[in-house]
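Computed from the coordinates by the stated procedures, all read-outs in this text should not be read as laboratory data. Remember, predicted model here, so these are calculated numbers, not experimental data. In this analysis, Cβ positions are derived from the backbone assuming ideal geometry, glycine residues included, and neighbour counts consider all displayed protein chains.
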Amino acid sequence: MTSPEQVVPPLGNTLIVGAGPAGIHIAVDVSRGWCGRLGLANRKGAHSTRILCELDRQGYTLSSVVEIQSKRHLTGETRLDDYYDGFDGIDDRWHTVIVCTPSDSYSDVIGALRLENLSQVKRIVLLSPGIGSNLLVQSLVRPAGSDIEIISLSTYYGASRFAFEAGQSTVLRSIVRGLKRKVTAGSSKPDSRTLGDIKRFIESLGIQFESVSHPAAAESRSITTYVHPAFFINEFSMSEIFSRTPSRKYMYKLYPEGPITPQAIKSMLLLWKEIGELVTRLHAEPINLLKFLNDDNYPVHETTLSREDIEGFTQADPVKQEYLLYIRYASILIDPFAEPDEQGRYPDFSAFPYKQISKDSEGKWIIPRVPYEDYKKIKLVERLGKKLNLSMPQTSAFIAEFESKLSSFVEEEGMEHFRPDLFTDTTESEADLILSGLELSWAAHATRHADLAIKVE
């Protein structure tokens with residue numbers, strides 16, 4: 001029994017799934033009074049083995065170092081209570097599960113967790129979902145007879161990496177290079193109390209928070225959904241990413257220094273419109289792309305983009321929409337709100353080098369997460385669109401571009417030099433599960449409204 005004086009942590013005992021930089025970062029953040037017992041689980045492999053060795057040496061201590069000047073007070077450390085090397089044998093003591101793995105792994109992760117054996121789980125929080133992820137996970141947990149709440153964040157609220165500096169290499173410390181300006185979240189339960197706890201948690205980090213009535217509305221508010229395919233799944237970027245020689249180009253610069261061209265901007269606009277139609281079919285509100293990019297992410301001066309143009313973006317004609325998007329990206333080549341140096345130069349805001357193909361310790365080729373994970377996300381988006389009889393030519397063009405480049409590279413190198421899971425495609429079955437979840441969700445929604453009508457009468 002909990003005594004009246006004891007404060008029950010909002011998230012209860014919390015299990016973080018996925019021991020990457022984001023998972024370590026979030027473990028430290030939730031340990032500040034938001035959780036009870038703290039656990040971490042990762043799939044078996046070389047990374048998990050290294051974590052185990054370091055945990056034994058470091059007394060199960062995790063840490064995060066926040067490099068943002070105004071947020072350095074968020075730097076901290078915590079002691080982990082439990083670590084699971086693989087998903088077998090997870091104890092039945094967890095109330096909240098926070099999934100910090102890519103969205104294309106959700107089916108495998110939820111299956112491996114064996115939720116039928118974890119009777120105390122009340123909620124699953126998806127840190128970096130794709131469009132439809134909440135409905136997918138709802139369908140995956142339903143066979144266990146579960147009433148688990150599924151919460152989708154719009155995106156991971158930070159940007160982090162492991163500490164791999166010379167002499168300090170460790171997978172127990174997350175270096176946080178950035179924090180999002182705003183995060184949105186939606187729940188499978190319309191009367192969610194947990195969203196209030198998530199709101200307080202996010203705002204405690206100095207990040208704006210907004211709750212939405214449908215998880216798909218939150219899932220559609222990830223900047224990478226619209227920007228990454230347009231900028232990184234094209235001939236220019238793919239040539240840099242798949243090159244065996246070091247790239248001298250940059251991810252967010254205008255051509256010829258980077259991939260941003262009028263055609264890339266047009267493809268972003270077309271993708272946004274196609275995704276908007278899909279989001280509408282999932283009973284959620286599509287975003288105003290320019291307003292989302294400016295207000296929720298990186299703003300520019302109103303002298304550059306007027307409030308009238310931002311608010312009226314969805315009603316503008318396509319040529320003006322392309323023009324406004326191009327202006328926006330041209331305006332953040334430098335940090336527009338920084339102080340210039342003595343020569344009048346502003347800090348470079350766009351010189352992000354491409355991450356290129358590399359080999360793992362076993363000599364297998366690694367395709368960078370950008371754009372591989374982006375390809376996986378839009379592959380599911382396209383499959384959903386087809387099943388809903390939506391025309392998605394731009395989405396299909398991105399998929400064809402990536403698959404063509406990957407196919408040529410595999411043919412050059414030989415199939416034996418790649419891990420088999422690189423070619424696993426589960427989008428067909430996942431699309432079916434999402435649409436099944438949509439039907440059941442809509443039926444439950446109609447039932448609730450009918451019950452309310454009866455009570456009113």
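Given region 45-187, what percent of its DSSP beta bridges are antiparallel, to the nearest 5?
Numbers: 13 of 25 bridges.
Bridges in region 45-187 are about 50 percent antiparallel.
The calculated 222 nm mean residue ellipticity attributable to helices in the chain amounts to -12500 deg cm²/dmol, summing -39500 (n - 2.57) over DSSP H runs of n ≥ 4 and dividing by all residues.
Could you calculate the FRET efficiency of GLU67 with GLU428 from 1/(1 + (r/R0)^6), where r is the beta carbon distance between them and R0 is 35 Å, rounded to 0.05? Don't skip to the end; give the middle numbers.
Working: r = 42 Å, r/R0 = 1.20.
Efficiency, rounded to the nearest 0.05: 0.25.
Positive-end ranking of GLY89, SER119, GLY76 along the dipole of region 65-127, with charges on Cβ about the Cα centre, is headed by GLY76. Straight-line cross-link partners of LYS364 among the aspartates and glutamates, defined as a Cα under 15 Å from its Cα and at least 8 positions apart when in the same chain: GLU411, GLU412, GLU413, GLU416, ASP421.
Give me the Å³ per residue figure for the convex hull around the C-alpha atoms of the chain.
Details: hull volume 85.1 nm³, N = 457.
Cα convex hull per residue, to the nearest whole number: 186 Å³.
Cβ-Cβ distance of GLN343 and GLN315, R₀ of 30 Å, FRET efficiency by 1/(1 + (r/R0)^6): the value works out to about 0.10. Structure note, pairs LYS182/LYS273; LYS44/LYS376; LYS122/LYS377; LYS44/LYS387: Cα-Cα distances above 32 angstrom occur for LYS44/LYS387.
Less than 5 angstrom separates the built amide H of TYR298 from none of the residues sequence-distant by 5 or more or on a different chain. Modelled label positions at VAL7 and ASP335, each set 7 Å beyond Cα in the direction of Cβ, lie 3.4 nm from each other. Report note on the peptides 203-209, 432-438: ranked by the mean count of other C-beta atoms within 10 Å, highest first, their order is 432-438, 203-209. Quick check: Cα centre of region 277-335 to Cα centre of region 53-79, how many Å? Between the Cα centres of region 277-335 and region 53-79 lies a distance of 37 Å.
Over the chain, what is the percentage of antiparallel beta bridges among all DSSP beta bridges, to the nearest 5?
Values: 17 of 47 bridges.
That works out to approximately 35 percent antiparallel.
By the rule of a C-alpha distance below 17 Å, with chain neighbours fewer than 8 residues away ignored, the aspartates and glutamates paired with LYS253 are GLU235, GLU240, GLU322, ASP335, ASP348. Summarising the amide proton neighbourhood of PHE87: residues at separation of 5 or more, or on other chains, whose placed amide H is nearer than 5 Å comprise LYS44.
For ARG369, ARG248, what's the fewest-to-most ordering of other Cβ within 10 Å of each Cβ? Present the calculation step by step, with values, prior to reporting the outcome.
Values: ARG369 12, ARG248 9.
The most exposed by this proxy come first: ARG248, ARG369.
Can you figure out the FRET efficiency of ASP56 with ILE357, using R₀ = 35 Å and their beta-carbon distance, to the nearest 0.05? FRET efficiency, ASP56 to ILE357: 0.55.
Simple rule: put +1 on each Lys or Arg Cβ and -1 on each Asp or Glu Cβ in the chain, find the dipole, and look at LEU440, GLN208, ILE151; the Cα lying farthest toward the positive end is GLN208.
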